[in-house]
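So the structure is just underneath, and the comments pick up after that.
None of the figures in this text is laboratory data; all of them are computed from the coordinates on show. None of these values were measured; they are calculated from a predicted model. Note: ideal-geometry Cβ built from the backbone for every residue, glycine included; neighbour counts use all protein chains shown.
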Amino acid sequence: MEQFRELEEDLSALFLTLDKKSLRNLGSFFKKQTRFFDYNRRKLQDEKGNNDVRKTRQRRRGNGRGGLMKAGLLVLMILVFVLGGMKLAGAGPFFDGYREMEGEAVDAFRPDMTVDLLTPNSYSRPETGTSRIRNIVLHYTANPGATAKQNRDYFEGLKDTHLTKASSHFIVGLDGEIVQCIPTWEVAYASNNRNGDTVSIECCHPDESGSFNQKTYDSMVRLSAWLCLKFNLTENDLIRHYDVTGKICPKYFVDYPEKWTQFQADVGKMLEKMR
C-alpha cells in the first residue's frame with residue numbers, strides 16, 4: 001500500500017508541473033488511444049461474429065448437402081428397384097428387347113421337333129430381329145392335305161420364285177410333327193404388322209373345312225403351351241391371324257369361335273402342368 005501511495009504522489013507532482021497546453025495534448029493522446037482500443041475491440045467482436053455466422057452458414061450448407069445426398073441416394077435406390085422390376089417383367093421402353101425364360105421346365109417340356117431353318121433371304125427369312133414376344137399367332141396353311149415338310153419347302157422356294165413374302169416360325173403337320181423354320185428371335189413373314197413381336201404357328205389340315213385332326217390338334221396345344229412358358233405368356237396371349245387383320249385364318253377357329261375358346265382352355269390346362 002505504501003508503494004501505491006508513493007506512486008500516487010509522484011503522478012500528482014507530475015501533473016502539477018504540466019501546463020494547460022501539455023495537459024490538453026495529454027488528454028487528446030488518451031482519447032485517441034481509447035478510440036483505438038475501442039475500434040480494435042469492436043473489430044475483434046465483429047470478426048468473431050462473422051466467424052460464427054460463417055460457421056453457421058457452413059453447417060447449413062453441410063446439412064443441405066447432406067440432405068441432398070440422402071435424397072439422391074433414396075431416389076437412386078427407388079430407381080434401381082423400379083428398373084429391376086421392369087426388367088424382370090420385361091416392361092418399359094428400356095426392356096422391350098427379345099427375351100426368353102430359362103429353367104428346367106422350359107427344357108423339360110420342349111416338344112419334339114425338327115429344326116430345319118430356311119436359308120436367309122429377303123422373301124422368307126430376312127434375319128430381322130424380333131422385340132419382346134407378346135403373342136403367339138395361330139394360322140392354317142390353306143393348303144389341304146399338304147405336310148409340314150411340303151409347306152416348309154414352299155417357304156424355302158420363295159427365295160428363288162419371289163412370288164410373295166411368307167413364312168412361319170413353326171409348322172405343325174398332319175401326323176403331329178413339328179418343323180421349326182425360323183428362330184424365334186427372328187421375324188417371320190406371317191402376321192403382317194405384328195411380325196416384330198409375335199411367334200407364328202402354321203397348322204396343316206386335311207380338307208377344305210380347315211378343321212384339324214387329333215394328332216395335329218394335340219401338337220398345337222403342346223407347342224402353344226411350351227411357347228407361352230418360354231415367353232412368360234398365358235393362354236389369353238394366344239391370338240388368331242384373324243385377330244390381327246380380319247383374315248379368315250385359321251378358318252376353323254374363325255368359323256367356330258367356341259372351338260377357339262376351347263383351344264385356349266386346353267392350352268391353359270397344359271400350361272398349368274408345365275409350370
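What's log10 of I(q)/I(0) for region 88-234 at q = 0.15, 0.16, 0.19 Å⁻¹, Debye sum over Cα points only, no solvent? The Debye formula, applied to the Cα set alone, gives -0.74, -0.84, -1.16. Below 8 Å, C-alpha to C-alpha, sequence gap of six or more: please give me the relative contact order for region 92-160 in percent. Relative contact order comes out at 41 percent. Extension gain, Ser131-Thr261: 0.36 nm per intervening residue step, less the Cα-Cα distance, totals 44.1 nm. Length gained on full extension, Arg110 to Trp185: 25.3 nm, using 0.36 nm per residue less the C-alpha separation. Taking amide H positions as modeled 1.01 Å from N, with prolines and chain starts lacking one, the residues under 5 Å from Cys203 and 5 or more places away or on another chain are His139, Tyr140, Thr141, Val172.
Taking each of Lys159/Lys215; Lys215/Lys273; Lys230/Lys259; Lys165/Lys251; Lys159/Lys259 in turn, the alpha-carbon distance tops 29 angstrom for Lys159/Lys215; Lys159/Lys259.
Among Asn135, Ala108, His162, pick out the residue whose Cα is farthest towards the positive end of the charge dipole of region 93-166, where Lys and Arg carry +1 and Asp and Glu carry -1 on C-beta, about the Cα centre. Selected residue: His162. Assuming charge only on the beta carbon of Lys and Arg (+1) and of Asp and Glu (-1), the dipole of region 142-275 about its Cα centre is about 200 debye to the nearest 20.
Work through the residues other than Ala190 whose Cβ is under 14 Å from its Cβ and net out their charges, Lys, Arg +1 and Asp, Glu -1. Combined, the nearby Lys, Arg, Asp and Glu give +2. Couplings 3J(HN,Hα) for region 115-126, derived from phi with the Karplus relation 6.51 cos²θ - 1.76 cosθ + 1.60 (θ = phi - 60°), are 8, 10, 5, 5, 5, x, 6, 7, 9, 9, 9, x Hz, where x marks Gly and Pro.
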